[in-house]
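*Asks:* Dumping the structure here so I can ask a few things about it.
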Amino acid sequence: MRKIKELVIEKSLLTSALITIAITIGIVLVLAIEAVQFFSEVSIIDFLTDTQWTPLFTDKHYGILPLLSGTLLTSFIAISVALPIGLSISIYLSEYAPKSFRKTVKPLLELLAAVPTVVYGFFALIVVTPILQQIIPGLSGFNSLSAGFVMGIMIIPYISSISEDALHAVPNALREASFGMGATKLQTAFKVVVPAASSGIIVSIILAISRAIGETMIVAIAAGQQPRLTLDPTVPVETITAYIVQVSLGDVEHGSVEYRTIFAAGITLFVLTFLLNTLSYRIRKKYQERYE
Amino acid sequence: MNNIQKNRLKDQIFKVWGIGCTLFALILLAFFIGDILIDGIMRIDWAFIIDLPSRKPEKAGIYTALMGSIWILFLTTIIAFPIGVAAGVYLEEYSKKNRLSAILEINISNLAGVPSIIYGLLGLEVFVRIMGLGASVLAGSLTLSLLILPIIIVATREAIKAVPKSIKDASYALGASKWQTIWNQVLPASSGGILTGVILALSRAVGETAPLIVVGALAYVPFAPESPMDDFSVLPIQIFNWISRPQHGFIENAAAAIIILLLITFIMNGIAVYFRNKWQKKLK
């Protein structure tokens, strides 16, 4: 009797675990089925090479490049803000700061990642853009600069926290050896500790990039909704995620090509983030083996 | 200046730079919150909480959106909590090191990195269309449950890992079965850590906007939902809708609603940190 009960419990726990696999299969199937139907009506070569994305206009073009460039531009700006600041914070907290300071500051910084993204959208549009407009004349009310900057602030803790964990895990013997040779803290940090923790730092950067690419509300609110193939940070652009939001807010008939465009855009986004996540997982696994 | 002095100077400069970066991030956070408070605090009164949405900013309230968020929170908890903890227990206590466990692990790690809007597309097809739930609270909650499942699973595993092996050995020595040991010893000992993870995951769910927009949650709902099958809106969508309007009155409303949303998020985070600290002390 007891054996049967134990078995039933084990199997139901296993079922719960298998649900996670069902989610992945579900995501892939949903995106793939709708995307296949989309590509039966739109040539995949047009999708990848056309420089215009206008599925909601009369003159329809289905080139993903403008959405992709918008996504990469905002993400690039975000990383340019988050990487130097986040990395400096992590090195400072791990190598210089007193223990008590570290213990108070880390959770406060992580609060940055806990703020809902719609709130950051408000900051970007209502607070940051007007300030930037005073510095950069001609800056459009919707632009990738302000959206990217605020997104960068949001992802600082992704880089600072994970990198700090990696730096902190470096054995003290390495530091002491370096100090013993007469090196300063700065030399030790950059020549010994950072290289030793490099895989963890790289993982944190990849995760931050993946987070920026998938971020939706900040760009939907502050970057505009005009797909445009440009590297100019002062004009409105549209990201893949913002496009999906735009269509979801409108009245698009289920089963139409317009409806399927969000799945074609979605699969592009999924593939991008999947590649980045897999890469970071691989690096993390290798790193664990080295330290444990 | 010789080399040693130069290196010491560089060291000092970096130290100042490091403090500067840390303070920059914290001050910006404080500035954002301060700005929101100035913009919105005057707008918050009891009427703002219990009023229905309106075309006129001064008459509009957050009642329906707040109720929608509470419904979503409630349903997401009852769906995601048992499944997430069960999966976490399986992976930590039952699963053997084999192909299946490797696949499960890679898969969960990958799911945690899937953008939330993709979950919205999944929910739109599976829950809204195929299962025919429509743009209901239930469809929204199911979608968010899938989204936070990986977070709960990872937190459960970490919490169980922290339980000392001696507790389990003692239970087995007294003749308890595997499940009795888990239910009576492991889960109570790890409950603080699990609770922390679940609350953090739920605080993420409260702030989510994009997947619910994709699922079809509305910006304007005349009444608060009364059953899981009703249409709904949530606070973040209400905020998004107000930000997108040109009249200044709505910006003030958005700031006021953000204060309420941040209050909910920060309180949940605070409770989570409290539980974690209490639990970590107990474990030691």
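*Asks:* Give me the orientation-averaged projected area of the Cα convex hull of region A:1-78, in nm², one decimal.
*Replies:* One quarter of the hull surface, i.e. the mean projection, equals 9.1 nm².
*Asks:* Okay, next question. Averaged over peptide B:100-108, how many Cβ atoms belonging to another chain are found within 10 Å of each residue's Cβ? Kindly include the intermediate steps, with their values, before the conclusion.
*Replies:* Working: counts 4, 1, 0, 3, 5, 3, 6, 7, 5.
Other-chain Cβ atoms within 10 Å of each residue's Cβ, averaged: 4.
*Asks:* Where a ≥ b ≥ c are the square roots of the eigenvalues of the C-alpha gyration tensor, would you call chain A rounded, which needs a/c under 1.5, or, failing that, prolate if a/b is larger than b/c, or oblate?
*Replies:* Judged from the Cα gyration tensor, chain A comes out oblate (a/c at least 1.5, b/c at or above a/b).
*Asks:* Checking the table A:K99/B:K6; A:K191/B:K165; A:K185/B:K161 against a 30 Å threshold on Cα-Cα, which pairs fail?
*Replies:* Correct reply: A:K191/B:K165; A:K185/B:K161.
*Asks:* Roughly how many debye, to the nearest 20, is the charge dipole of region B:47-283 about its Cα centre, given +1 on each Lys and Arg Cβ, -1 on each Asp and Glu Cβ, and no other charges? All intermediate terms of the calculation are to be shown ahead of the outcome.
*Replies:* On the way: 18 positive and 13 negative charges, 170 e Å.
Approximately 820 debye in magnitude.
*Asks:* Residues with amide H under 5 Å of B:D231's amide H, sequence separation 5 or more or different chain, H placed in the peptide plane at 1.01 Å from N; which?
*Replies:* Excluding prolines and chain starts, which carry no amide H, there are no hits.
*Asks:* With point charges of +1 on the Cβ of Lys and Arg and -1 on the Cβ of Asp and Glu, referenced to the Cα centre of region A:65-291, which listed residue (A:I162, A:G70, A:P195) lies farthest in the positive direction of the dipole?
*Replies:* It is A:P195.
*Asks:* Quick one: Cα centre-to-centre distance for region B:111-165 and region A:129-172, in angstrom?
*Replies:* After rounding, the separation between the Cα centres reads 27 Å.
*Asks:* Rounded, prolate or oblate: which fits region B:162-281 when a ≥ b ≥ c are the square roots of the eigenvalues of the alpha-carbon gyration tensor, with rounded for a/c under 1.5 and prolate only if a/b beats b/c?
*Replies:* Verdict is prolate for region B:162-281.
*Asks:* Suppose R0 equals 22 Å. What FRET efficiency, 1/(1 + (r/R0)^6) with r the Cβ-Cβ distance, do A:R2 and B:L100 give to the nearest 0.05?
*Replies:* On the way: r = 25 Å, r/R0 = 1.16.
Efficiency for this residue pair is about 0.30.
*Asks:* If you count, for every residue in B:80-90, the Cβ atoms of partner chains within 10 Å of its Cβ, what is the mean?
*Replies:* Per residue, the number of nearby Cβ atoms from other chains is 4 on average.
*Asks:* Straight-line reach from B:K56: which aspartates and glutamates have Cα under 17 Å away, leaving out those fewer than 8 places along the same chain?
*Replies:* Once the sequence-local aspartates and glutamates are set aside, what remains near B:K56 is B:D45, B:E252.
*Asks:* Against the empirical 2.2 N^0.38 Å scaling, what ratio does the C-alpha Rg of region A:2-41 come to?
*Replies:* Here the answer is 1.94, to two decimals.
*Asks:* Run through all the Cα pairs of the protein assembly as shown and give the fraction in each 20 Å bin from 0, expressed as whole percent.
*Replies:* 19, 53, 25, 2, 0
*Asks:* Also: Using +1 at the Cβ of each Lys and Arg and -1 at the Cβ of each Asp and Glu in region B:3-43, identify which of B:I36, B:I4, B:F14 lies farthest towards the dipole's positive end.
*Replies:* B:I4
*Asks:* With the cut-off at 21 Å, tell me which of the pairs A:K103/B:K282; A:K106/B:K15; A:K103/B:K278; B:K97/B:K282 have Cα atoms farther apart than that.
*Replies:* From A:K103/B:K282; A:K106/B:K15; A:K103/B:K278; B:K97/B:K282, over 21 Å: B:K97/B:K282.
*Asks:* Same structure, new question: Please identify the DSSP H helices in chain B that span no less than 15 Å along the helix axis (Cα) and have a mean Kyte-Doolittle hydropathy of 0.5 or more. The partial results should precede the final answer.
*Replies:* On the way: long enough: B:3-40 (55 Å, 0.84); B:63-89 (38 Å, 1.82); B:99-112 (20 Å, 0.85); B:137-161 (35 Å, 1.69); B:187-207 (30 Å, 1.30); B:248-283 (52 Å, 0.82).
Helices meeting the span and hydropathy rule in chain B are B:3-40, B:63-89, B:99-112, B:137-161, B:187-207, B:248-283.
*Asks:* To the nearest 20 Debye, how big is the dipole of region A:23-132 about its Cα centre, given +1 on the beta carbon of each Lys and Arg and -1 on that of each Asp and Glu?
*Replies:* 780 debye
*Asks:* Just to check, using Stokes-Einstein with a Kirkwood Rh over alpha carbon pairs, what's the diffusion coefficient of region A:113-191 at 10 °C and 1.306 mPa s in µm²/s?
*Replies:* Taking Rh from Cα pairs, D becomes 101 µm²/s.
*Asks:* Could you give log10 I(q)/I(0) at q = 0.23 Å⁻¹ for region A:49-111, computed by the Debye formula over C-alpha point scatterers of equal weight, without solvent?
*Replies:* Here log10 of I(q) over I(0) equals -0.93.
*Asks:* Right, here's the next one. Can you give me the C-alpha center-to-center distance between region A:9-85 and region B:38-72, rounded to a whole angstrom?
*Replies:* The two parts, judged by their Cα centres, are 35 Å apart.
*Asks:* So, counting K/R as plus one and D/E as minus one, what does the shell of residues with Cβ under 15 Å around B:I260 add up to?
*Replies:* Spelling it out: positives minus negatives among the neighbours equals -3.
*Asks:* So, one more: What's the magnitude of the charge dipole for region A:65-291 around its Cα centre, counting Lys and Arg as +1 and Asp and Glu as -1 at the beta-carbon? Answer in Debye, nearest 20. Present the calculation step by step, with values, prior to reporting the outcome.
*Replies:* Details: 15 positive and 12 negative charges, 196 e Å.
In debye, rounded to 20, region A:65-291 gives about 940.
*Asks:* Between A:Y62 and residues 5 or more places away or on another chain, which pairs have amide H atoms under 5 Å apart, with H built 1.01 Å from N, and which residues are they?
*Replies:* Answer set, sorted by chain and number: A:T54.
*Asks:* Where a Cα-Cα gap under 15 Å defines reach, which aspartates and glutamates qualify for A:K285, not counting those fewer than 8 residues away within the same chain?
*Replies:* Those aspartates and glutamates meeting the cut-off are B:E105.
*Asks:* In chain A, which helices (entire DSSP H runs) extend 30 Å or more along their own long axis, judged by Cα positions, while averaging at least -0.5 on the Kyte-Doolittle scale?
*Replies:* A:2-41, A:65-91, A:144-168, A:257-291
*Asks:* List the aspartates and glutamates whose alpha-carbon lies under 14 Å from that of B:K178, not counting same-chain residues fewer than 8 positions away?
*Replies:* A:E6, A:E10, B:E92, B:E93, B:D169
*Asks:* Putting +1 on Lys and Arg Cβ atoms and -1 on Asp and Glu Cβ atoms, find which of A:I79, A:V28, A:Q133 reaches farthest to the positive end of the dipole of the protein assembly as shown.
*Replies:* Most positive-ward Cα: A:I79.
*Asks:* Also: Hey, in the GNM for chain A with a 10 angstrom Cα cutoff, which one of A:P195, A:P116, A:P137 fluctuates hardest?
*Replies:* Largest GNM mean-square fluctuation: A:P137.
*Asks:* Turning to a different aspect of this structure: Going by the alpha-carbon gyration tensor, a ≥ b ≥ c the square roots of its eigenvalues, is chain B rounded (a/c under 1.5) or, if a/c is not under 1.5, prolate (a/b greater than b/c) versus oblate? Display every interim value, and only then the final one.
*Replies:* Values: a/c = 2.05, a/b = 1.16, b/c = 1.76.
Note, shape of chain B comes out oblate.
Laboratory data are not the source of any read-out in this text; all were calculated from the coordinates shown. The shown structure was predicted, so the numbers you read here are calculated from the model rather than taken from an experiment. FYI the Cβ positions are ideal-geometry reconstructions off the backbone, even for glycines, and counts take in every protein chain you see.
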